[in-house]
Amino acid sequence: MVRLSTLGATALFAAVVAADTIVKECGVGIGNCPSNKPCCSQYGQCGVGAYCLGGCDPNHSATLKSCMPAPQCQSKTYKFTDSKSSPILSNTKYLGDPSTADWVADGQPLFSNGVVYLTMAPDTVGTVLASTRYVWYGKISATMRTSRGQGVVSAFIMMSDVKDEIDYEWVGVELETSQTNYYWNGIPDYTHSGNITNSNTYSDWHTYTIDWTPESITWSVDGQVGRVQKKSDTYNATTGNWEFPQTPSRVQLSLWPGGLATNGKGTIDWAGGVIKWDGPDIDSAGYYYAQVRDVTVECYQPPSGAQGSGKKSYQWKDLKAVNTSVVLSNERTDLASFLATGDNPDKKPEGMSSATVTSVKTDAAGKATTVVSVVAPTDSSVGTVPGLDGAGFDSGDLNGGTGRGSGGSGGNGGSGDDGSDGSSGTNSNKPATTGWSQSDKATTGGSSSDAPRQFLLWGNFVAMVLVGAVMATL
Ligand SMILES: *[C@@H]1O[C@H](CO)[C@@H](O)[C@H](O)[C@H]1NC(C)=O
Ligand SMILES: *[C@@H]1O[C@H](CO)[C@@H](O)[C@H](O)[C@H]1NC(C)=O
Ligand SMILES: *[C@@H]1O[C@H](CO)[C@@H](O)[C@H](O)[C@H]1NC(C)=O
Ligand SMILES: *[C@@H]1O[C@H](CO)[C@@H](O)[C@H](O)[C@H]1NC(C)=O
C-alpha cells in the first residue's frame, strides 16, 4: 500500500520531524542519495547493501546504476507448507540472488498449519513479504485470510521501483470489502480506488487475483471479476503519459498498522481508527496476523517492443520511468556483501573473513520459524538494510495536507552493536520492527488461537541467542 505525501507536505514534514522519528532522505521533493550511501530504499532512506536491492528507487539514488538490476519473472506456485517450500529470507540476509530465496521478509513471518502468518505484535510495524523476482505483466493470485481490528491493514500489492502500484487492501473493520487501487509513478491520486464486496476476509479463505497486461488490470476474487481498469482510459493528454502501471513490480504481502497513533489523521481514519494493542488476536496469539496459503505467479511475455533480449534481469535505461525505460538484460542481480552497491557490486567489508556468518536450520516437523538470519558485518556509519515504516510502505497522509506521521519508535543508531532490534542494528533508521522487543508482551494472555504462538517466542529466542553469539564474535 502506499500513501504518498504531496511534495509540499513531505518537505514540511522533513523540516519539523522530531529526532526519534524516521526522516525521509530521498524521494520526490527531497532529492537523491549521496555517493557514500547511494541507494534510495522503497521507504525513502539512503544506504548500501539491501538498500540497493528490491524496491531501490533508481530515480532518487545517486546514479542510474546504484540500484541493482532486478531478477526477471519466473512462473511458479509458491506454497507455504513449511519454511522450505518457498524459502523466505530475512532482509538482513538476502543479497540479491533469487535462487537463494523466493521471498524477502521484514518483520516476522511464521509457518504453521500449512500457511505463513504475517504477524504484527504490539508496538511493532508488522511484516512484509516481497518477492525476490519481479513481474513485468502477469497473472498473480494469493489465497489468504486477512487480519482484523481497527487500524489493522492487510495488503496484497504489486509495487515497482518507480512506484507503479496495483493494490488489494483490507481495513480490519471492513471485512466484507476488498479495496482495490492503482497508482502510476507514485503520484498520490486517490481517485482510482474501487471496492469489491465479498464474504468475511478474516474468517474465509479467498483467492485474490491481479491480472496485469500491457492493456488492462483485472481484479478478481475467487475467479469472479470484480473490477477492470483499461490502460486506454488512463491517457493524460496534457502530458502525453499513460498513467498506468507499466514497470516491473514485486509481489508484496503485508500486515501493517495503518492506525498507528503517530500516522497522519487521514491514514488513521481510513484504517478505521487508532490501532489497539489488545483484543482477541493479541490475547490468544500475542499478535495480529494475516495468513497466506499460496501465491501463484504466471508470467506474461515481456511487452512486444521491449528492448534487449536478456533473460536474467530488468535494468533501468533511463529515468522517464515508463515502459520504454526498462531493458531485458543479463546483468547480475546479486551483491557480494551488505557493503556493496550497484555502483560497486563486488565490495566486501575488510575483515569479512573473521566475521561469523551462521546459518541455522530450524525446521521442526514442518513447523519452524525463519528467524535464523545472521547479519553480515556492517559499516557503522551507513545503513545496510532498510526498515519498515509504520505509516505504510511509503506513506503520506491520506488527506494529503498534513504530511505523514513517523513509523515505529525510532531507530537504533545502526551501529550493529545493539542487538535489541530484530534487524540487529543494520539500519540506522529502522523503527521497532517485529523482534524480541515484544516477546514480553507475547508471553502474556491466553492461548486459544491456532496461530503459532509458541513459534514466535521460540523464533525470538533463537534469534536472540544467535545475534548475541554473533555480536560476541564481531
Ligand atoms: C523522478 O524524480 C524527479 C525529481 O525528484 C521527480 O520530479 C519525478 O516525479 C520522479 N519520477 C518518478 C517516477 O519518481
Ligand atoms: C470503499 O470502501 C471504503 C470502506 O467502506 C470507503 O471508505 C471507500 O470510500 C470506498 N471506495 C469507493 C471507491 O467506493
Ligand atoms: C495530467 O497531468 C498533469 C501533470 O501531472 C496533472 O496536473 C493533471 O491532473 C493530469 N490530468 C489528469 C486527467 O489526470
Ligand atoms: C509502451 O506503451 C505504449 C503506449 O501504450 C505502447 O504503444 C508501446 O508499445 C509500449 N512499449 C512497450 C515496450 O511496452
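Observations on the structure shown:
- Among the conditions (1) over 11 Å from Tyr168 (Cβ atoms); (2) more than 16 Å from ligand 2 (Cβ to nearest atom); (3) surrounded by 18 or more Cβ atoms within 10 Å (Cβ to Cβ); (4) among the polar types (S, T, N, Q), the only one that Asn236 does not satisfy is (3).
Residue-by-condition table, conditions (1) part of a loop (DSSP other than H, G, I, E, B); (2) crowded, with 24+ Cβ neighbours inside 10 Å; (3) under 17 Å from the mean Cα position of the chain (by Cα); (4) modelled with pLDDT of 95 or more:
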site	(1), (2), (3), (4)
Lys24	yes, yes, yes, no
Ser35	yes, no, no, yes
Tyr43	yes, yes, yes, no
Ala50	no, yes, yes, yes
Asp57	yes, yes, yes, yes
His60	yes, yes, no, yes
Leu64	yes, no, no, yes
Thr77	no, no, no, yes
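- For segment 215-245, filtering for residues that are farther than 18 Å from Ser193 by Cα, polar (S, T, N, Q) and within 11 Å of ligand 4 (Cβ to nearest atom) leaves 1.
- Against the test of being within 16 Å of ligand 2 (Cβ to nearest atom) and either surrounded by 21 or more Cβ atoms within 10 Å (Cβ to Cβ) or more than 20 Å from Ile88 (Cα to Cα) (or both), the options Ile166, Ile187 yield a single qualifying residue, Ile166.
- Selection over segment 270-307 of residues that are within 16 Å of ligand 4 (Cβ to nearest atom), more than 24 Å from Thr143 (Cβ to Cβ) and surrounded by fewer than 19 Cβ atoms within 10 Å (Cβ to Cβ) gives a count of 6.
- The residue of segment 191-218 that is surrounded by the fewest Cβ atoms within 10 Å (Cβ to Cβ), among those that are without any contact (Cβ under 8 Å) to a residue 60 or more places away in the chain, within 16 Å of ligand 2 (Cβ to nearest atom) and in a strand (DSSP E or B), is Thr197.
- Selection count where residues are modelled with pLDDT of 95 or more, in contact with a Ser or Thr (Cβ under 9 Å, 6 or more places away or on another chain) and not hydroxyl-bearing (Ser, Thr, Tyr), scope segment 112-130: 9
- Within segment 309-327, the residues that satisfy the criterion of being away from ligand 1 (no atom under 16 Å from the Cβ) and surrounded by fewer than 18 Cβ atoms within 10 Å (Cβ to Cβ) are Ser309, Gly310, Lys311, Lys312.
- Near pairs, Cβ below 7 angstrom, 6+ apart or cross-chain, from segment 26-39 (in contact (Cβ under 8 Å) with a residue 12 or more places away in the chain) to any residue that is within 16 Å of ligand 3 (Cβ to nearest atom) and not in a loop (DSSP other than H, G, I, E, B): Val28/Leu7; Gly29/Leu7
The values are calculated or read from the model by the stated rules, or taken from the named source; none is laboratory data. In this text, all values refer to a predicted model and were calculated from it rather than measured experimentally. Note: ideal-geometry Cβ built from the backbone for every residue, glycine included; neighbour counts use all protein chains shown.
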